[in-house]
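Below is one structure, written out as structure tokens, with a few remarks after it.
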Amino acid sequence: MTRRGLVLGGGGVLGAAWMVGALGALEDSLGIDVRDSEQIVGTSAGSVLAALIGAGVGVGDLRRHQLGEPLTSGPLVGFAWDYETATGGARPPRPRPGLGSTAMLSQGVSRLRRLPPVVVLTALMPEGRGSLDSVGALVRHVVPHGWAPRDGVQVVATDYETGHRVAFGRDGAPPASLAEAVMASCAIPSWYQPVRIDHARYIDGGACSATSVDLLAGAGLDEVVVIAPSVSFALDEPDGFAERLERQWRTRVTRRCLREVARVHAGGTDVTVLGPGPEDLAAIGSNLMDVGRRGAVLRTSSRTSAAALLDPEPLDALPERVRVAERATGAEPDLDAEVSSSHAPVDVLPSQAGTADDTRHPTSSRRRPREQD
């Protein structure tokens, strides 16, 4: 039996909808039930899905829930959720005045330089006012107390005082209920209030990494599937300023994901990364919290992800693709090349044997174990 890991990345409300479509395509393509994954890692929007899947919610029910269709069985039955209002709408409330984390900034320059630049930026940003109580209530509906009713579920957040990545549910992590951890993982800086667990404050795990694939390095898995709505190997060329900024951010996230994949692959694990392509990006638009696009994004992902999984591109071709995208979008190539010990350097991607011909469906890419090179 294949020992499989599942990574669900960050990407806002629309990222969650896109992942539900991709998960359905994944199950159909491989003939699996993702609930059988030995390890599940979730960040931000992906943490909500990781928690629900880890609690036994099937992808079919996630899809019906997203589309507003009635549920007659399963853990989600009986919970009322209004996508239009539950996460606070498509725009953030006015943040609180002042710096978000003076504690992080007081660590000194030498320590701050070892943190990802985005994490340091969050400390300078004002604290958000939005509430994630509805997200906590959703998770508590399926898991009223404690952690997921199975092993192997990890939820990633960022410690707002130290800037360090915290994987709740992992050995040595601070204690937290599943609902608390998911709320912490979803706390977008300057949008939502930081989530306090015991004496620490936490924000969105995507500040450290939108995927945290490397948490599965050395786990002894045969295969890891990464469903990453913030990672793209083929970009469109939008005209709008906001869309262009989003594509710059996306290329940086993709580069980081590739470094993390390299660490997992170094242990002989087959890694498949599935991310939105141009058609998906057109459906998503520039605002990942625009709930009105949810249905269109999900349906588009179901179709494009199914096509992509039929013909994945070998990942060894992608570093150059990312560099081309950086030049096209104007992204700074070294902005995210921090020296955090939790991530592999950018140049560790080894040459790989191809698993498919030249790309036809660039939303899906696969890296095979070294033994197959």
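The values are calculated or read from the model by the stated rules, or taken from the named source; none is laboratory data. If you're wondering where the values come from, they're calculated on a predicted model, not measured in any experiment. Heads up, the Cβs are rebuilt from the backbone with ideal geometry, glycines too, and the neighbour counts pull from every protein chain shown. For accessibility, only protein heavy atoms count, side chains too; no ligands or nucleic acids. Shrake-Rupley method; radii C 1.70, N 1.55, O 1.52, S 1.80 Å.
For Ala25, are the conditions met, namely being crowded, with 19+ Cβ neighbours inside 10 Å, more than 19 Å from Ala283 (Cβ to Cβ) and more than 15 Å from the chain's Cα centre (by Cα)? When the stated conditions are applied, Ala25 does not pass them.
Of the residues making up region 182-191, at least one is open to solvent by less than 10 Å² (accessible area, probe 1.4 Å), under 13 Å from Val48 (Cβ atoms) and part of a loop (DSSP other than H, G, I, E, B). Checked against (1) out of contact with any helix residue (DSSP H, G or I) (no Cβ under 9 Å at 6 or more places or on another chain); (2) over 23 Å from Leu178 (Cβ atoms); (3) among the acidic types (Asp, Glu), Glu38 passes all but a single condition, namely (2).
Where strands (runs of 3 or more DSSP E) fall wholly inside region 195-244, the ranges with 3 or more residues that are surrounded by 19 or more Cβ atoms within 10 Å (Cβ to Cβ) are 200-204, 223-227.
In region 108-125, the residue that is modelled with the highest pLDDT out of those that are in contact with a Ser or Thr (Cβ under 8 Å, 6 or more places away or on another chain) and open to solvent by 50 Å² or more (accessible area, probe 1.4 Å) is Met125. Once region 259-274 is narrowed to residues that are in contact with an Asp or Glu (Cβ under 7 Å, 6 or more places away or on another chain) and either of a type outside the set (Val, Ile, Thr) or more than 22 Å from Leu23 (Cβ to Cβ) (or both), the residue that is most open to solvent (accessible area, probe 1.4 Å) is Arg263.
Do we have any residue at all in region 261-283 that's more than 18 Å from the chain's Cα centre (by Cα), part of a loop (DSSP other than H, G, I, E, B) and of a type in the set (Ser, Thr, Tyr)? Let's see the steps before the verdict.
Step one: list which residues in region 261-283 are more than 18 Å from the chain's Cα centre (by Cα), which gives 265-270, 278-279, 282-283.
Those still in the list that are part of a loop (DSSP other than H, G, I, E, B) too: 266-269.
Narrowing the set further to residues that are of a type in the set (Ser, Thr, Tyr) leaves 269.
Taking every residue of region 261-283 in turn, at least one turns out to be more than 18 Å from the chain's Cα centre (by Cα), part of a loop (DSSP other than H, G, I, E, B) and of a type in the set (Ser, Thr, Tyr).
Only one of these is surrounded by fewer than 24 Cβ atoms within 10 Å (Cβ to Cβ), in a helix (DSSP H, G or I) and either modelled with pLDDT of 90 or more or aromatic (Phe, Trp, Tyr) (or both): Arg293, Arg256, Arg247. Name it. Sole residue among the options that is surrounded by fewer than 24 Cβ atoms within 10 Å (Cβ to Cβ), in a helix (DSSP H, G or I) and either modelled with pLDDT of 90 or more or aromatic (Phe, Trp, Tyr) (or both): Arg293.
Checking Leu76, Leu14 one by one, the residue that is within 21 Å of Val143 (Cα to Cα), at pLDDT 95 or above, aliphatic (A, V, I, L, M) and open to solvent by less than 50 Å² (accessible area, probe 1.4 Å) is Leu76 and no other.
Determine whether region 55-68 contains at least one residue that is open to solvent by 50 Å² or more (accessible area, probe 1.4 Å), assigned to a loop (DSSP other than H, G, I, E, B) and either out of contact with any strand residue (DSSP E or B) (no Cβ under 8 Å at 6 or more places or on another chain) or acidic (Asp, Glu) (or both). Steps first, please.
Initially, region 55-68 is screened for residues open to solvent by 50 Å² or more (accessible area, probe 1.4 Å), giving 63-64, 68.
Adding the requirement that they be assigned to a loop (DSSP other than H, G, I, E, B) leaves 68.
Retained after the next criterion (residues that are either out of contact with any strand residue (DSSP E or B) (no Cβ under 8 Å at 6 or more places or on another chain) or acidic (Asp, Glu) (or both)): 68.
Checking region 55-68: at least one residue is open to solvent by 50 Å² or more (accessible area, probe 1.4 Å), assigned to a loop (DSSP other than H, G, I, E, B) and either out of contact with any strand residue (DSSP E or B) (no Cβ under 8 Å at 6 or more places or on another chain) or acidic (Asp, Glu) (or both).
The C-beta contact set for region 65-91 (first residue within 24 Å of Tyr192 (Cβ to Cβ), second residue charged (D, E, K, R) and assigned to a loop (DSSP other than H, G, I, E, B), distance under 9 angstrom, 6+ apart or interchain) comprises Ala90/Asp290.
Return the residue satisfying two criteria in turn: it lies in region 130-162 and is free of Cβ contacts under 8 Å to residues at least 60 places away in the same chain and part of a loop (DSSP other than H, G, I, E, B), and of such residues it is surrounded by the most Cβ atoms within 10 Å (Cβ to Cβ). Here the answer is Trp147.
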